[in-house]
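The structure under discussion appears below in the form of C-alpha coordinates.
The values are calculated or read from the model by the stated rules, or taken from the named source; none is laboratory data. Please read these numbers as outputs of a predicted model, since none were measured by experiment. As a convention, Cβ positions derive from the backbone with ideal geometry for all residues, glycine included, and neighbour counts pool all protein chains shown.
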Amino acid sequence: MINIGILALQGAVREHAKALEAPDVNVIVVKRTEQLDELDGLVFPGGESTTMRRLIDKYGFFEPLKAFAGSGKPMFGTCAGAILMATEIKGQEHPHLAVMDMTVERNAFGRQRESFEAPLKVKEIGEDVHGVFIRAPIIERVGPAVDVIAEYDGDIVAAKQGNFLACSYHPELTDDDRMHQYFASMVRKNHVPA
Ligand code: GLN
(Lines give C-alpha, C1' and ligand atoms only; values in the text may rest on other atoms or scores of the structure.)
Protein backbone atom coordinates (compact mmCIF):
# COMPACT_ATOMS: atom_id res chain seq x y z
CA MET A 1 0.00 0.00 0.00
CA ILE A 2 1.03 3.59 -0.54
CA ASN A 3 -0.21 6.43 1.63
CA ILE A 4 -1.14 9.62 -0.16
CA GLY A 5 -2.12 12.61 1.93
CA ILE A 6 -4.35 15.52 1.02
CA LEU A 7 -3.55 18.72 2.88
CA ALA A 8 -6.92 19.51 4.39
CA LEU A 9 -6.51 23.05 5.71
CA GLN A 10 -8.73 24.52 3.00
CA GLY A 11 -10.26 23.47 -0.29
CA ALA A 12 -11.56 20.29 -1.87
CA VAL A 13 -10.63 17.08 -0.12
CA ARG A 14 -13.30 14.53 -0.98
CA GLU A 15 -12.91 15.12 -4.72
CA HIS A 16 -9.16 14.56 -4.56
CA ALA A 17 -9.66 11.44 -2.47
CA LYS A 18 -12.03 10.02 -5.06
CA ALA A 19 -9.64 10.75 -7.95
CA LEU A 20 -6.81 9.01 -6.09
CA GLU A 21 -8.78 5.82 -5.52
CA ALA A 22 -6.86 2.68 -6.44
CA PRO A 23 -6.57 -0.75 -4.81
CA ASP A 24 -3.14 0.02 -3.38
CA VAL A 25 -3.73 3.67 -2.41
CA ASN A 26 -4.61 4.64 1.12
CA VAL A 27 -5.77 8.26 1.26
CA ILE A 28 -5.00 10.22 4.41
CA VAL A 29 -6.75 13.51 5.16
CA VAL A 30 -3.97 15.60 6.66
CA LYS A 31 -4.90 18.01 9.43
CA ARG A 32 -1.99 17.59 11.81
CA THR A 33 1.73 17.81 11.07
CA GLU A 34 2.46 14.40 12.61
CA GLN A 35 0.45 12.79 9.83
CA LEU A 36 3.08 13.84 7.29
CA ASP A 37 5.39 11.13 8.67
CA GLU A 38 3.06 8.38 7.43
CA LEU A 39 2.90 9.70 3.87
CA ASP A 40 4.54 8.57 0.66
CA GLY A 41 3.11 11.50 -1.30
CA LEU A 42 1.06 14.64 -0.72
CA VAL A 43 -1.58 16.60 -2.65
CA PHE A 44 -2.07 20.36 -2.18
CA PRO A 45 -5.61 21.23 -3.17
CA GLY A 46 -6.79 24.45 -4.76
CA GLY A 47 -8.46 27.21 -2.80
CA GLU A 48 -6.92 30.54 -2.01
CA SER A 49 -3.15 30.51 -1.70
CA THR A 50 -2.87 33.40 0.76
CA THR A 51 -5.48 31.83 3.04
CA MET A 52 -3.82 28.45 2.74
CA ARG A 53 -0.48 29.97 3.65
CA ARG A 54 -2.02 31.64 6.68
CA LEU A 55 -3.38 28.28 7.84
CA ILE A 56 -0.06 26.55 7.10
CA ASP A 57 1.64 29.01 9.44
CA LYS A 58 -1.12 28.91 12.04
CA TYR A 59 -0.98 25.13 12.35
CA GLY A 60 2.81 24.89 12.21
CA PHE A 61 2.96 23.19 8.81
CA PHE A 62 5.56 25.41 7.16
CA GLU A 63 8.79 23.72 8.28
CA PRO A 64 7.34 20.18 8.20
CA LEU A 65 6.18 20.74 4.61
CA LYS A 66 9.59 22.08 3.61
CA ALA A 67 11.15 19.00 5.19
CA PHE A 68 8.68 16.76 3.38
CA ALA A 69 9.61 18.37 0.05
CA GLY A 70 13.29 18.07 0.93
CA SER A 71 12.88 14.34 1.54
CA GLY A 72 12.10 13.92 -2.15
CA LYS A 73 8.64 12.48 -1.62
CA PRO A 74 6.23 13.37 -4.42
CA MET A 75 4.01 16.43 -4.12
CA PHE A 76 1.15 17.46 -6.39
CA GLY A 77 -0.23 21.00 -6.29
CA THR A 78 -3.40 22.01 -8.09
CA CYS A 79 -4.19 25.68 -8.69
CA ALA A 80 -3.55 27.43 -5.35
CA GLY A 81 -1.49 24.33 -4.49
CA ALA A 82 0.77 25.06 -7.46
CA ILE A 83 1.16 28.66 -6.26
CA LEU A 84 2.29 27.35 -2.87
CA MET A 85 4.98 25.27 -4.54
CA ALA A 86 6.43 27.98 -6.83
CA THR A 87 9.78 29.64 -6.10
CA GLU A 88 8.44 32.94 -7.39
CA ILE A 89 5.04 34.65 -7.47
CA LYS A 90 4.71 37.56 -9.81
CA GLY A 91 4.16 40.86 -7.99
CA GLN A 92 4.75 39.31 -4.59
CA GLU A 93 7.91 39.79 -2.62
CA HIS A 94 7.99 36.35 -1.06
CA PRO A 95 7.01 32.92 -2.31
CA HIS A 96 5.46 30.27 -0.04
CA LEU A 97 7.08 26.83 0.07
CA ALA A 98 9.31 27.57 -2.92
CA VAL A 99 10.01 23.98 -3.92
CA MET A 100 9.49 24.13 -7.71
CA ASP A 101 11.66 26.36 -9.89
CA MET A 102 8.93 28.37 -11.60
CA THR A 103 7.28 31.78 -11.57
CA VAL A 104 3.50 31.86 -11.35
CA GLU A 105 1.11 34.68 -11.94
CA ARG A 106 -2.03 34.49 -9.86
CA ASN A 107 -5.50 34.97 -11.38
CA ALA A 108 -3.74 35.30 -14.68
CA PHE A 109 -6.58 34.75 -17.12
CA GLY A 110 -8.29 38.00 -16.20
CA ARG A 111 -11.87 38.81 -15.34
CA GLN A 112 -13.29 37.85 -18.69
CA ARG A 113 -12.04 34.34 -18.29
CA GLU A 114 -12.34 33.93 -14.55
CA SER A 115 -13.44 30.37 -14.94
CA PHE A 116 -13.58 28.19 -17.99
CA GLU A 117 -13.02 24.66 -19.16
CA ALA A 118 -10.76 23.42 -21.89
CA PRO A 119 -9.44 20.11 -23.21
CA LEU A 120 -5.69 19.79 -22.70
CA LYS A 121 -2.97 17.64 -24.08
CA VAL A 122 -0.80 16.59 -21.16
CA LYS A 123 2.57 14.99 -21.75
CA GLU A 124 2.78 11.39 -20.53
CA ILE A 125 -0.92 11.47 -19.66
CA GLY A 126 -2.83 11.95 -22.86
CA GLU A 127 -5.18 14.06 -24.89
CA ASP A 128 -8.45 15.65 -23.92
CA VAL A 129 -7.61 15.95 -20.27
CA HIS A 130 -10.48 18.02 -19.01
CA GLY A 131 -9.10 21.26 -17.54
CA VAL A 132 -11.30 23.21 -15.16
CA PHE A 133 -9.79 26.64 -14.58
CA ILE A 134 -11.03 28.76 -11.68
CA ARG A 135 -9.22 32.06 -11.13
CA ALA A 136 -6.28 30.04 -12.27
CA PRO A 137 -2.62 30.97 -12.23
CA ILE A 138 -0.34 30.77 -15.26
CA ILE A 139 3.12 29.33 -14.98
CA GLU A 140 5.07 32.17 -16.55
CA ARG A 141 8.58 30.82 -16.32
CA VAL A 142 10.09 27.44 -15.58
CA GLY A 143 13.67 26.67 -14.62
CA PRO A 144 15.89 24.24 -16.52
CA ALA A 145 14.96 21.30 -14.29
CA VAL A 146 11.27 21.75 -14.93
CA ASP A 147 9.45 19.93 -17.67
CA VAL A 148 6.45 21.70 -19.20
CA ILE A 149 3.73 19.07 -19.57
CA ALA A 150 0.72 21.12 -20.67
CA GLU A 151 -0.04 24.43 -22.28
CA TYR A 152 -3.26 26.20 -22.97
CA ASP A 153 -3.26 28.81 -25.69
CA GLY A 154 0.51 29.18 -25.44
CA ASP A 155 0.55 29.50 -21.65
CA ILE A 156 2.05 26.88 -19.38
CA VAL A 157 -0.61 25.27 -17.21
CA ALA A 158 1.11 22.10 -15.96
CA ALA A 159 4.70 21.23 -15.14
CA LYS A 160 6.82 18.58 -13.47
CA GLN A 161 10.15 18.84 -11.72
CA GLY A 162 11.39 15.46 -10.57
CA ASN A 163 8.86 14.34 -7.98
CA PHE A 164 6.94 17.62 -7.99
CA LEU A 165 3.86 17.96 -10.14
CA ALA A 166 1.82 21.15 -10.51
CA CYS A 167 -1.13 22.26 -12.59
CA SER A 168 -3.11 25.45 -12.67
CA TYR A 169 -6.44 23.70 -13.22
CA HIS A 170 -8.61 21.46 -11.06
CA PRO A 171 -8.43 17.84 -12.22
CA GLU A 172 -10.35 16.77 -9.10
CA LEU A 173 -13.50 18.50 -10.33
CA THR A 174 -13.91 16.17 -13.28
CA ASP A 175 -14.51 12.45 -13.76
CA ASP A 176 -11.15 12.24 -15.47
CA ASP A 177 -8.77 10.87 -12.86
CA ARG A 178 -5.71 10.55 -15.12
CA MET A 179 -3.73 13.38 -13.50
CA HIS A 180 -4.24 11.88 -10.03
CA GLN A 181 -3.51 8.37 -11.23
CA TYR A 182 -0.35 9.65 -12.86
CA PHE A 183 0.63 11.22 -9.54
CA ALA A 184 -0.16 7.93 -7.78
CA SER A 185 2.21 6.19 -10.20
CA MET A 186 4.93 8.72 -9.31
CA VAL A 187 4.36 7.93 -5.63
CA ARG A 188 4.42 4.18 -6.31
CA LYS A 189 7.71 4.51 -8.19
CA ASN A 190 9.30 6.51 -5.40
CA HIS A 191 8.01 4.28 -2.63
CA VAL A 192 10.47 1.92 -1.03
CA PRO A 193 8.59 -0.79 0.89
CA ALA A 194 9.61 -0.96 4.55
N1 GLN B 1 -6.54 32.46 -7.42
C2 GLN B 1 -6.31 31.57 -6.32
C3 GLN B 1 -5.05 31.94 -5.56
O4 GLN B 1 -4.36 32.82 -5.94
C5 GLN B 1 -6.23 30.14 -6.79
C6 GLN B 1 -7.56 29.71 -7.31
C7 GLN B 1 -7.85 28.26 -7.16
O8 GLN B 1 -7.16 27.50 -6.46
N9 GLN B 1 -8.93 27.86 -7.76
O10 GLN B 1 -4.77 31.37 -4.58
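Suppose we keep only residues that are outside any loop (DSSP other than H, G, I, E, B) and of a type in the set (Ser, Thr, Tyr) within region 71-89. Which one would you say is nearest to the ligand (Cβ to nearest atom)? Give the steps one after another, and end with the answer.
First, pick out the residues of region 71-89 that are outside any loop (DSSP other than H, G, I, E, B): 75-78, 80-89.
Add one more test, that the residue is of a type in the set (Ser, Thr, Tyr), and what stays is 78, 87.
Working: Thr78: 7, Thr87: 16 Å.
Looking at the filtered set, the residue picked out is Thr78.
Out of curiosity, is Val25 more than 16 Å from the ligand (Cβ to nearest atom) and in contact with a helix residue (DSSP H, G or I) (Cβ under 7 Å, 6 or more places away or on another chain)? Here the answer is yes, as Val25 does meet what is asked. Of all residues in region 103-129, those satisfying the criterion of being crowded, with 17+ Cβ neighbours inside 10 Å and touching a helix residue (DSSP H, G or I) at 6+ places or on another chain (Cβ under 8 Å) are Val104, Arg106, Val122, Ile125, Val129. Selection of region 129-180 for residues being over 13 Å from the mean Cα position of the chain (by Cα) and of a type in the set (S, T, N, Q) yields only Thr174. Counted as qualifying within region 90-194 are the strands (runs of 3 or more DSSP E) with 3 or more residues that are more than 15 Å from the ligand (Cβ to nearest atom), namely 115-122, 126-134, 147-152, 155-161.
Within the bounds of region 29-41, is there any residue that is touching a residue at least 12 places away in the same chain (Cβ under 8 Å), over 25 Å from Phe109 (Cβ atoms), basic (Lys, Arg) and more than 14 Å from the ligand (Cβ to nearest atom)?
Scanning region 29-41 turns up at least one residue that is touching a residue at least 12 places away in the same chain (Cβ under 8 Å), over 25 Å from Phe109 (Cβ atoms), basic (Lys, Arg) and more than 14 Å from the ligand (Cβ to nearest atom).
Against the test of being at pLDDT 95 or above, farther than 25 Å from Gly143 by Cβ and among the charged types (D, E, K, R), the options Asp37, Asp101 yield a single qualifying residue, Asp37. The set of residues in region 44-60 that are small (Gly, Ala, Ser), modelled with pLDDT of 95 or more and closer than 15 Å to Gly77 by Cα contains only Ser49.
Within region 52-70, the set of residues being within 11 Å of the ligand (Cβ to nearest atom) and charged (D, E, K, R) comprises Arg53 only. Of the residues making up region 1-22, those that are touching a residue at least 60 places away in the same chain (Cβ under 8 Å) and away from the ligand (no atom under 16 Å from the Cβ) are Ile2, Ile4, Lys18, Leu20, Glu21, Ala22.
Conditions: (1) in contact with a helix residue (DSSP H, G or I) (Cβ under 7 Å, 6 or more places away or on another chain); (2) within 20 Å of Asp37 (Cβ to Cβ); (3) surrounded by fewer than 17 Cβ atoms within 10 Å (Cβ to Cβ). Met75 meets all but one. Number of the miss? Just one mismatch for Met75, condition (3).
Scanning region 46-61 for residues that are over 12 Å from Leu36 (Cβ atoms) and free of Cβ contacts under 8 Å to residues at least 40 places away in the same chain yields Gly47, Glu48, Thr50, Arg54, Asp57, Lys58. Of all residues in region 161-191, which are buried (at least 24 other Cβ atoms within 10 Å of the Cβ) and of a type in the set (D, E, K, R)? Scanning region 161-191 gives a single hit, Glu172.
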